[in-house]
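Have a look at the structure below, then the notes.
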Amino acid sequence: MPDLDGHPSREEMRFAEVLTALADPLRRRVVAALAAEPEGTERHCTSFGLPVTKATLTHHFKVLREAGLIRQIDRGNSRMAQLRFADMEARFPGLLALVRAETD
């Protein structure tokens, strides 16, 4: 069962949901950008420069969170995104390297 913030546990992460989340090029761009950062890096959702409305941005990050790709952390009045690198690597080894290689 996902936690109170909607993050699934490692065991609850489903390949189909992860692939669905990564099917969108903007979401893939977010994951690739986070994968290029040192592990544990947190970034504000607007820092990715996605050309979408605030509502659409919220939707994209919800999809990534519910698939288990990112963890969202509240920092005061803002929300930061952090790649769940260790969880993804344990559950789907090599997938993040493929996403990152696509943008290299």
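Would you please name the GluC sites (Glu not before Pro) within the stretch 9-85 that are DSSP coil residues with at most 14 other C-beta atoms within 10 Å of their C-beta? Those that pass, being in a loop and sparsely packed, are 39. Each Lys or Arg adds one and each Asp or Glu subtracts one; over the other residues with Cβ under 14 Å from the Cβ of residue 92, this totals 0.
Rounded to the nearest angstrom and ordered from largest down, what semi-axes does the equivalent ellipsoid of the chain get from its C-alpha gyration tensor (root of 5λ)? Provide the component values of the computation, followed by the final result.
Numbers: eigenvalues 69, 55, 35 Å².
For the chain, the semi-axes come out at 19, 17, 13 Å.
Which of the chymotrypsin sites (Phe, Trp or Tyr not before Pro) found in the stretch 11-95 are in a DSSP loop and have at most 14 neighbouring Cβ atoms, other than their own, within 10 Å?
Details: sites: 15, 48, 61, 85; in loops: none.
Qualifying residues, ordered by number: none.
All of the numbers you see were taken from the coordinates with simple rules; none came from a lab. Just so we're clear, the structure is a prediction, and the values are computed from it rather than from any experiment. Cβ coordinates were reconstructed from backbone atoms using ideal geometry, including for glycine residues, and neighbour counts include every protein chain displayed.
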